[in-house]
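Okay, so here's the structure we're looking at.
Here, each number is a calculation from the coordinates, and none is a lab measurement. Note that the structure is predicted; figures quoted are calculated from it, not measured. Note: ideal-geometry Cβ built from the backbone for every residue, glycine included; neighbour counts use all protein chains shown.
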Amino acid sequence: MPAVYDMLSRMKAKVDAGRSILYQTARYVDIYKALDDISRERKLTPEERAEQKKYTRLADAFTPLAKGMNSEYANQNAYDAIQIHGGSGFIMEYKSQRLYRDARIFSIYEGTTQLQVVAAIRYITNGTYLTMMKEMLETEVAEELRPLKVRVEEMVKRYEQSINYVKESGSQEVNDLLARRLYDMTAEIIMSLLILDDATRAPELFTKSAHVYIRMAEEDVLGKSAFVTRFIAEDLKYYRQMPIE
Ligand SMILES: Cc1cc2nc3c(=O)[nH]c(=O)nc-3n(C[C@H](O)[C@H](O)[C@H](O)COP(=O)(O)OP(=O)(O)OC[C@H]3O[C@@H](n4cnc5c(N)ncnc54)[C@H](O)[C@@H]3O)c2cc1C
């Protein structure tokens with residue numbers, strides 16, 4: 001049943017990678033909020049002020065990735081859960097149908113996924129995420145994970161080329177159309193880097209998910225980078241909701 005292993009492994013990898021970005025975001029929020037609290041009691045030192053600024057920015061950049069991706073993954077996993085159960089998964093006697101209906105709102109309330117893209121796009125175009133990725137690549141990983149890290153390094157190169165291509169297009173409409181793809185690539189690369197770190201620190205828990213997640217991210221990032229870097233402004237006519245002139 002390799003098709004089922006594939007589905008279940010991808011579901012688990014999405015949960016593990018999603019949890020990792022959620023915890024990382026929560027850490028950044030905790031740090032800047034603690035500094036905010038201290039600043040109400042006394043003046044912060046220049047080092048503390050610099051930390052407060054740094055972690056506020058990191059929390060702002062990570063929040064749209066964590067919210068958007070986890071709510072999309074919840075939907076995908078709920079859909080796959082029904083599929084794995086077959087007809088039983090669809091009927092009221094099984095919980096998977098309830099999870100599927102409950103998950104559907106996650107990508108809508110507290111900001112739709114499209115609005116998470118709007119919140120993230122400035123950090124994509126100003127290179128904030130790219131700088132973070134490069135910093136994260138400097139962290140050592142366990143020896144057996146190095147081949148996976150090389151694959152992530154290649155994804156980062158394609159990501160940088162894609163961002164530069166979109167910026168050079170000079171068209172806001174092209175930027176808007178491609179924004180979701182750039183957002184997905186950003187989140188998938190950052191989650192790949194986080195899960196590599198998790199697998200280095202707790203190999204028994206995360207090695208399998210690191211392998212599965214990075215393969216899945218690579219499949220998507222390479223496809224999306226091809227889409228982005230081959231997109232030209234004239235292609236917009238196929239997407240606009242009006243007859244082709
Ligand atoms: C069960 C439930 C509970 C809720 N609870 C609360 C609550 O407690 N408090 C509260 O304040 N609200 C609550 N809401 C409202 C919820 O936050 C909104 O439904 C949500 O923010 C989406 O806004 P909207 O429904 O007006 O859709 P719209 O904003 O009209 O969105 C329609 C579509 O357009 C897209 N879109 C909109 N703007 C853009 C843009 N700039 N770029 C690209 N695409 C865009 C959206 O992504 C979406 O696909 C709740 C809604 C539901 C269904």
Checklist outcome for this item: In terms of the alpha carbon gyration tensor, root eigenvalues a ≥ b ≥ c, rounded if a/c is under 1.5 and otherwise prolate when a/b exceeds b/c or oblate, segment 47-87 is prolate
Next on the checklist: Are there any GluC sites (Glu not before Pro) in segment 1-109 that are in a DSSP loop and have at most 12 other Cβ atoms within 10 Å? List them by number.
Outcome noted: GLU93
Checklist entry - Highest mean first, what order results for 194-201, 26-33, 170-177 on Cβ atoms within 10 Å? => result 194-201, 26-33, 170-177
Checklist entry - So which lysines can LYS33 reach, going by Cα to Cα under 25 Å and dropping same-chain residues fewer than 8 places off? => result LYS43, LYS53, LYS54, LYS67
Checklist entry - Rounded if a/c is under 1.5, else prolate if a/b beats b/c, else oblate: with a ≥ b ≥ c from the C-alpha gyration tensor eigenvalues square-rooted, which is the chain? => result rounded
Checklist entry - How high is the FRET efficiency from MET1 to ARG215, r the C-beta distance, R0 22 Å, rounded to 0.05? => result 0.70
Checklist outcome for this item: Taking a crude spin-label model, label points 7 Å out from Cα along the C-beta direction, the GLU144 to ALA226 distance in nm is 3.2
Item to check | Computed lengthening from ALA50 to THR112, 0.36 nm per intervening residue step minus Cα-Cα distance | outcome: 19.2 nm
Checklist outcome for this item: Residue separation between SER88 and GLU135 times 0.36 nm, minus their alpha-carbon distance, gives in nm 12.2 nm
Item to check | J(HN,Hα) series, segment 63-80, from Karplus relation 6.51 cos²θ - 1.76 cosθ + 1.60, nearest Hz, glycine and proline x | outcome: 4, x, 6, 5, 5, x, 5, 5, 6, 5, 5, 4, 5, 4, 5, 5, 4, 5
Item to check | Electrostatic dipole magnitude of segment 112-225 [Cβ: Lys, Arg +1; Asp, Glu -1; Cα centre; debye, to 20] | outcome: 220
Checklist outcome for this item: Quarter of the surface of the C-alpha convex hull for segment 202-245, i.e. direction-averaged projected area in nm², equals 4.6
Checklist outcome for this item: Toy charge model, Lys and Arg Cβ at +1, Asp and Glu Cβ at -1: the chain dipole around Cα centroid in debye, rounded to 20, equals 400
Checklist entry - Roughly speaking, what is the stretch gain from ASN164 to ARG104, that is 0.36 nm per residue apart minus the C-alpha to C-alpha distance, in nm to one decimal? => result 18.2 nm
